[in-house]
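Each remark here refers to the structure printed beneath this line.
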Amino acid sequence: MTALALTVLTASLLGSLHCAGMCGGFVAFYAGDPGRRGERSRLAGHLSYNLGRLAAYAGLGALAGALGAALDATGGLLGVQRAAAVVAGVLIVLWGVAALLESRGVRLPRLAAPPAVRGLLRRGIQRVAARPPATRALAIGLLTGLLPCGWLYAFVVTAAGTGSAAAGAAMMAVFWLGTVPVMLSVGLGLAVLSAPLRHYLPTACAVAMIVVGLFSVAGRVRPHDPPAAARDITGVGGHHHAPR
Amino acid sequence: MLLAEEVGARVTAAACAQCGLPVPAGLLEAGAPRQFCCAGCRAVHALMDEHGRAHEHGLDRQRAARSSWAPARPGDRRYAELDDPGFQARTCRRGPDGLLATELYLEGVHCSACVWLVEKLPGLLPGVVEARLDLSRSQVLVRWDPGVVRLSAVARQLRALGYAPHPRRGMRAEEVRRREDRVALARVGLAGAVAGNVMAIAFALYGGMLNGMEPEFAAFFRWASLLLALPSVIWGGGVFFRGAWTALRLRALSMDLPISLGLLAGFLHGAVNTVRGTGEVYFDSVTALIFLLLFGRYLLRRQQRAAGDAAELAASLYPSSARLLEDGQAREVPLEALVPGALVEVRAGELVPADGVIVAGQSTVDASLLSGEPVPVAVAAGDRVHAGTLNVASRLELRVERTGEDTRVGRLMTLVEAHARRRAPIVQLADRISGRFVAAVLVLAAATLLLWVRVDPARALDHAVALLIVTCPCALGLATPLAMSAAIGRAARGGFLVKGGDVLEKLTRPGRMWLDKTGTLTEGRARLVRWCGDVSARPLVAAAEAHSSHPLALAFLEALSGEPRSRDMVEIIETHGGGIEARVGERSVIVGSPAFVESRAKEVVSGLATEVDVLVGAGLTPVLVAVDGRVVAAAGFGDPVRGDAGAALARVRGLGWRLGILSGDHARVVAAVGAGLGLEPAMCRGGVSPEGKLDVVAAALAQGPVVMVGDGVNDAAALAAATVGIAVHGGAEAALAAADVFVMRPGVTRIAELLDGSRRTMRVVRRNLAFSLGYNVIGVGLAMSGALNPLVAAILMPLSSLTVIISSYRARTFRTAKDGEAPTCR
């Protein structure tokens, strides 16, 4: 569990550099006109936005984790162990490989977000445009959960792989943690990434995803995976195996 | 801050319209107006489109943030604007051989390996004749043939080497420099924060090793320190990796290579052990090393800039702020804010901040810095004054014409710096050794590894890493030129403008020194030395000479200024180059050369007949005074030898120099002066023309080093020809154009001080080299014998280079104002 959390954190930190670029516009939108308001309200805006994001991600994680639990249960009935983790892992590895191929020039069919979701996003933003800045920031933060961001959804799938709502929410919280430094930097107007690294960013992200996926498949995913379990042959871990 | 050149650069089709990152090749859509790197960016872009104001604002902020990033790929930047004829007309100089020369500011320059690399440019790009990099200011002087290669190609090649070029002039270079500083500081800060945290975790781990710790906690701590160390190694250590890689690409060994290897080995070793769950981890050493190295480098950059900056050199010569007059109100502004046409106020006792024309007020200005004239000159509305001169008497209002580097003083400093890039022989030696040193270190590290693998495999890598980390050729590569440039900076503040480190080195090898007489060894002015005859004639002479501007008249007046002057009416009958005839009251007074007076006077007082010969024999210019037709007095005028000349020349001789005088003055006068100073008669040559002086110097060059000390204007040829030419007189530009050193303050003692300062500088350089060698030998010994732990090595190495750096900068090579002697006593 720790291992997966750390892997997720690293991958998130790595990929957050792209988050700055894509969602930077949102940051500007909710931060509004900087000359008009003071530092405190700007900080409140940033805080609300990021908290909104946390809520959205954690919610998605919980949902996905619950889904994963359901998958696990079903799989258990069919005699498959840790179905959610394996499925999630495989999906993510495939995603990472696809991203790698795209960056090398191979054209793959793309899935666009369903228009209903886009409409929801649009209406949501319109509704809050006129609200006070903190509310606006919070709402935008919540809405970013609906963005068709492949990177985000890869992690949601990882959360599903944990097989429990609580673990899924926790995993998404870790992902959120990794994005905070960069989003705050963009909010404060700092330049984020130096040129040579940017060139390798897509490849690095794809590789990171593949690693996460492999971790998931390899079974480092269960929430209560005691490292000593492998050595414990008479304890709790062994009762699933019926004596033959 | 928007950098105009980047806003102008085309964003190519390969960058995502929303986030600016490169679009994966597989997602490019031919013919689409906008490309996106992912569905998310496309969606966000569409959304923001529907919210016009927010969109513009957001994109503007992004664009501003993005424009301070360099473009995604080296190939994106074409530098086409450098080929613009207007730009080239402003910033490039055409040499006599048809080559163009210009200066560019380079980003990312940090060590002498970079110098080596950039100076290889002529070999990499045909058409480039010369590339010289000034490490302290990160500026490269490039000379190229415009018919063979364009400036934009040169810029692209520099970019490909890893140094982004920018035009040198103006605020842009400042901005880039400030941005680089900010990034460097951020890197140091991150490295420091990471190092602190990793060390805290390491304490816990060490404690755990002693008292026992559950494996889960140990694993957690190790993973945590691994992850913390990761950004430090990637971003902080990346500086060294890039440097090593760049040098390797050009098949050179740079100092970054052992450091990079040590860091990588230490980090990967620890990472592997962390994943495996057993073995030692040394993240604390690695992160501590990165922090200390980055910090040292940061300090180094700042110090280098402080020592060698043109602005800094000139800042010791003119003020850093000025009082701008707007609508009658005075406001303090920094010097860079002055533009031509602005009105500034200069109060009495202040230095003039810029070249300009006086619009109001009248005062006297001490322009000795530029003209060499120690006497203040009266100025009033309509007169021009120059930056760096001192406004003595009263407040002036000035309309600015030229500021900063365009002023006379600024151009002077540019000249000094351009030559400061000449590399002293000892520095060139150090560069050559650097490469071999690195090779030796690598071999020794490999040897250590092989030796220890047999004895104690677990520790073998640690010892090799410790060896890689502890060795530091910094003194060779860095601190030697630093000691030179620090000394040159101090020399400038002490009143010596030195045109290069090699000058200081040459001044430590004694040979023959030829000095000019008038103005150098003597005060350069006529003074009344002897008066022989009737003293009562003196007031009459004073009255008669009162309105003449002949040098001898002025000398008379100066000498007789303390005495009462005759109050009678003065009527000038005749003035002439040879003398003056006047009627003072009822008496006729004739003052002039012997020929002039004898043709008008009738008789000579006894005892004075031979006086003229006596005066000439003593090397003085004779002047006779006749009152009412009778010669009553004879006066002798001489150019007195400076009071400190004797002692100073004795000091110089004590250092091993053979001294001589070369002068255009009369041979007997020169012989007399030489005898008075204890010089060999054969070495005191009078009646020598400027061409003659050049011949003497050229002939003496065949026998060893020759130093010529003289007037920048009259002795220019000889000064330029000598091994080292020291100009002590004659105005700054002319002096520096020909000579290697310009001494701004009068006095022969200055020459002795210059030689002492050179010797002290070379002593510092040798001390640095010895320390570096000794430290490395001991360090290698300890590491190979297994006594060194990478953490200790990580602390020792930056300490050693900091020691060398501090010793270079704190060394009191030349005395400056801060050391208790005012450099501009007038």
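Annotations for the structure displayed:
- Remark: the stretch B:756-770, residue by residue, has Karplus-estimated 3J(HN,Hα) of 4, x, 4, 5, 5, 4, 5, 5, 4, 4, 5, 4, 4, 4, 4 Hz, where x stands for each Gly or Pro and the curve is 6.51 cos²θ - 1.76 cosθ + 1.60 at θ = phi - 60°.
- For the stretch B:738-814 versus the stretch B:590-635, the gap between their alpha-carbon centres in whole angstrom: 63
- With K and R counted +1 and D and E -1, the other residues having a Cβ less than 10 Å from that of residue B:522 yield a net charge of 0.
- Size check on the stretch B:209-277: the Cα extents along the three principal axes, sorted descending, read 50, 18, 18 Å.
- Inter-part distance where the stretch A:51-83 and the stretch B:194-222 are each reduced to a Cα centre, Å: 34
- Legend: residues B:567, A:82, sorted from most to least accessible area (1.4 Å probe; ligands, DNA and RNA excluded), read B:567, A:82.
- What the Cβ-Cβ distance of residue B:675 and residue B:94 gives, at R0 = 56 Å and to the nearest 0.05, is a FRET efficiency of 0.60.
- Dipole of the stretch B:638-702 [Lys/Arg +1, Asp/Glu -1 at C-beta], most positive-end residue of B:701, B:678, B:661: B:678
- Accessible-area value, residue B:78, 1.4 Å probe, nucleic acids and ligands omitted, Å²: 110
- Rounded, prolate or oblate (a/c below 1.5 giving rounded, otherwise prolate when a/b exceeds b/c) for the stretch B:481-639 by Cα gyration tensor: prolate
- Solvent-accessible surface ranking, highest first, for B:129, B:385 at 1.4 angstrom: B:129, B:385
- Here, the stretch B:548-680 is characterised by an Rg to Rh ratio of 1.09, where Rg is the alpha-carbon radius of gyration and Rh the Kirkwood radius.
- Phi-based couplings in Hz for the stretch B:257-269 (Karplus 6.51, -1.76, 1.60; Gly and Pro marked x): 5, x, 4, 4, 4, x, 4, 4, 4, x, 5, 5, 4
- Derived value for the stretch B:246-298: Kirkwood hydrodynamic radius 12.3 Å. Basis is the mean of 1/r over every pair of different alpha-carbon atoms.
- Once all protein chains are placed together, residue B:230 keeps about 50 Å² accessible to a 1.4 angstrom probe.
- Solvent-accessible area of residue B:532 with every protein chain in place, 1.4 Å probe, in Å² to the nearest 10: 40
- Rg over Rh for the stretch B:185-249 works out to 1.15, both radii taken from alpha-carbon positions and Rh defined as the Kirkwood radius.
- Global geometry of the stretch A:46-108, whether rounded, prolate or oblate, following the gyration tensor of its Cα atoms and the 1.5 cut on a/c: oblate
- Binning the alpha carbon pair distances of the stretch B:612-712 at 10 angstrom intervals from zero yields the distribution 13, 38, 29, 13, 6, 2, 0, expressed in whole percent.
The values are calculated or read from the model by the stated rules, or taken from the named source; none is laboratory data. Note that the structure is predicted; figures quoted are calculated from it, not measured. Positions of Cβ are generated from backbone atoms using ideal geometry, with glycine treated the same way; all protein chains shown enter the neighbour counts. These area figures cover heavy atoms from the full protein model, side chains too; ligands, DNA and RNA do not enter into them. Shrake-Rupley method; radii C 1.70, N 1.55, O 1.52, S 1.80 Å.
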